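Colleague: This structure is in structure tokens; I'll ask about it shortly.
The values are calculated or read from the model by the stated rules, or taken from the named source; none is laboratory data. As the structure is a computational prediction, the values presented were derived from the model and not from experiment. Note: ideal-geometry Cβ built from the backbone for every residue, glycine included; neighbour counts use all protein chains shown.
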Amino acid sequence: MNQKSTSRRMKAAGDTSAIVRAMSAEDLANLGGGVVAYIKTMSSDEAKRMFPAVEGLPQGINLYSLHAADGTPIALTDTLQAAVGHAIGDELEVQSLH
């Protein structure tokens, strides 16, 4: 959907007070302002690729990675509770992804 079609639909709906624009890469990078995070479940193989400095990960288990809103990895844990605890300790608000 482009900005013109969005603007036309908003005018047709009677709302001319706001114009929707696409977010730039910089806008997306700043999304969350350092207070929003998400937790991703990943296999040990995926974790080895994302966290190459971590050694000795067991094969065939799921791990949990905590990420800043811009996707920057923050922590890798073996339990969801530990990932949530890390987020709380860093005063991050965890959001779900769909």
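Colleague: Of all residues in the range 48-60, how many are touching a Ser or Thr at 6+ places or on another chain (Cβ under 7 Å) and surrounded by 11 or more Cβ atoms within 10 Å (Cβ to Cβ)?
Modeller: Just the residues of the range 48-60 that are touching a Ser or Thr at 6+ places or on another chain (Cβ under 7 Å), to begin with: 50, 57-60.
Going one step further and asking which of them are surrounded by 11 or more Cβ atoms within 10 Å (Cβ to Cβ), we end up with 50, 57.
Summing the residues that are touching a Ser or Thr at 6+ places or on another chain (Cβ under 7 Å) and surrounded by 11 or more Cβ atoms within 10 Å (Cβ to Cβ) in the range 48-60 gives 2.
Colleague: Quick one: in the range 5-60, which of the residues that are of a type in the set (Asp, Glu) and part of a loop (DSSP other than H, G, I, E, B) is modelled with the highest pLDDT? Write out each step before concluding.
Modeller: Applying the first criterion (of a type in the set (Asp, Glu)) to the range 5-60 yields 15, 26-27, 45-46, 55.
Narrowing the set further to residues that are part of a loop (DSSP other than H, G, I, E, B) leaves 15, 55.
Details: ASP15: 54, GLU55: 88.
Here the residue is GLU55.
Colleague: Take the residues in the range 64-82 that are without any contact (Cβ under 8 Å) to a residue 24 or more places away in the chain and in a strand (DSSP E or B); name whichever of them is nearest to the chain's Cα centre (by Cα).
Modeller: Keep residues of the range 64-82 that are without any contact (Cβ under 8 Å) to a residue 24 or more places away in the chain, which gives 71-73, 75, 77-79, 81-82.
Adding the requirement that they be in a strand (DSSP E or B) leaves 73, 75, 77.
Working: PRO73: 9, ALA75: 13, THR77: 17 Å.
So, considering only residues that are without any contact (Cβ under 8 Å) to a residue 24 or more places away in the chain and in a strand (DSSP E or B), the one nearest to the chain's Cα centre (by Cα) is PRO73.
Colleague: PRO52 versus (1) within 30 Å of SER24 (Cα to Cα); (2) under 17 Å from the mean Cα position of the chain (by Cα): which is the lone unmet condition?
Modeller: Of everything listed in (1) within 30 Å of SER24 (Cα to Cα); (2) under 17 Å from the mean Cα position of the chain (by Cα), PRO52 misses just condition (2).
Colleague: Six or more apart or on different chains, Cβ atoms under 9 Å: show the pairs whose first residue is in the range 32-54 and under 16 Å from ALA82 (Cα atoms) and whose second is surrounded by 15 or more Cβ atoms within 10 Å (Cβ to Cβ) and of a type in the set (Phe, Trp, Tyr).
Modeller: ILE39/TYR64; LYS40/TYR64; THR41/TYR64; MET42/TYR64
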